[in-house]
Each structure stands twice: as structure tokens, then as C-alpha cells.
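Notes to accompany the following structure.
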Amino acid sequence: MTMTPRTRIARLRTIGLAGLATTGAAAAALTLMPANAQAAEMTQAHTSVTASSSSSHTTSQRTGSANNLDGWIKQSLQIMKAKGIPGSYEGLKRNIMRESGGNPSAQNNWDVNAKKGTPSKGLLQVIDPTFNAYHVAGTAHSVTDPVANITAAANYAAHRYGSIDNVNSAY
């Protein structure tokens, strides 16, 4: 059976870590994981974080952005620009589509992070310790808030890779 690269990626995502092991589980395990020292420091902060589900809607309505993927990306880019975080619409959208297919409620319950109790969540599949370490003031303090998730992930990618635009695989 001949598989196109797109079909192969889709199939690997659905069969889980066992399928990924044959094509590079190490890359999948790196999904927005902070350095060990940061992870240890942020574990304490993680336990005190709570957020209401209404905060994402309030944030989107307050700036007038559409409450959809295009609007969330544009709103995040405005915040990123104000905070000096590099990244482009194309880089954000490319990574979002690879990581979550544009679903802000996406959660990975099967990879190495999930097995350790910290599943990747949201549009850019951020784990809680990374979100807490790279959260950007002015966004909701909720890893599943679309704008907060995008902005924190872009902040992390800027620190680790120079820009979200430089990320072309699981990070």
C-alpha cells in the first residue's frame, strides 16, 4: 500500500505513540517541554493556577477580534508585536494545524508528557509547566484559552528557536 506523506502523518497521529516510535517518537516527546530546571520550578506554580472558561470569550470580545482561528491568530500577533515576540501569521497557522488541526480543546492523552501527568493542550499543544513559564501578561491565564495558548507557545518558541516561524515539527 502506497501512502502519501499527508496520509502517513494522519495515520501516525491516530495510532498513537506506538506508531510514532517507528518514525521518531523523540520528536513527538519534545512538544513544548521546558528544560528540566524550568519544569521543576514551574510545578509549584502549576498547582495554584485556575481559570474560568469565560475568560477566552471576554478576551476575544474586548479587542474586537473574531472568535475563530483567524481572529485568535490575529489577536495573538497584536499582543506578540506589543511584547516584542517574533512570529508570523503563516508560522502560527502552520504549527497550529499540525499540532491540533485548529481545535482549541485538543488534548494529547497518549504521549510521554501525558504519561507523566502533563498532557499537551490547546491549539499549539502546550503542557502546563511550559504555559506557566511562558505565559504572556495581558492574556488569560488558561492553557486552553486560544489567544493565551498561541501567545505563550510563540513566546516559548522565540526563546528556544528564535521564532515560531523556525518550528517545522513537534517542538
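The values are calculated or read from the model by the stated rules, or taken from the named source; none is laboratory data. Note that the structure is predicted; figures quoted are calculated from it, not measured. Note: ideal-geometry Cβ built from the backbone for every residue, glycine included; neighbour counts use all protein chains shown. Ligands, DNA and RNA are excluded from the accessible area calculation, which covers all protein heavy atoms including side chains. Shrake-Rupley method; radii C 1.70, N 1.55, O 1.52, S 1.80 Å.
Could you say which residue among Ser142, Ser120 is within 13 Å of the chain's Cα centre (by Cα), among the small types (Gly, Ala, Ser), surrounded by fewer than 24 Cβ atoms within 10 Å (Cβ to Cβ) and modelled with pLDDT of 95 or more?
The conditions single out Ser142.
Can you say whether Ala137 is in a loop (DSSP other than H, G, I, E, B), among the hydrophobic types (A, V, I, L, M, F, W, C), closer than 22 Å to Leu77 by Cβ and open to solvent by 10 Å² or more (accessible area, probe 1.4 Å), as far as the supplied structure shows?
In short, yes.
Restricting attention to the range 160-169, and to residues there that are within 14 Å of the chain's Cα centre (by Cα) and small (Gly, Ala, Ser), which single residue is least open to solvent (accessible area, probe 1.4 Å)?
Ranking the qualifying residues of the range 160-169, first place goes to Ser163.
Could we say that Leu92 is open to solvent by less than 30 Å² (accessible area, probe 1.4 Å), in a loop (DSSP other than H, G, I, E, B), closer than 14 Å to Ala148 by Cα and touching a residue at least 40 places away in the same chain (Cβ under 8 Å) here?
No.
Any residue in the range 108-119 that is out of contact with any strand residue (DSSP E or B) (no Cβ under 6 Å at 6 or more places or on another chain), under 16 Å from Leu69 (Cα atoms) and assigned to a loop (DSSP other than H, G, I, E, B)?
No.
For the range 150-159, does any single residue satisfy the condition of being closer than 23 Å to Asn68 by Cα and open to solvent by 40 Å² or more (accessible area, probe 1.4 Å)?
no
Scan the range 79-89 for residues that are loosely packed, with under 15 Cβ neighbours inside 10 Å and in a helix (DSSP H, G or I) and jot them down.
The answer is Lys81, Ala82, Tyr89.
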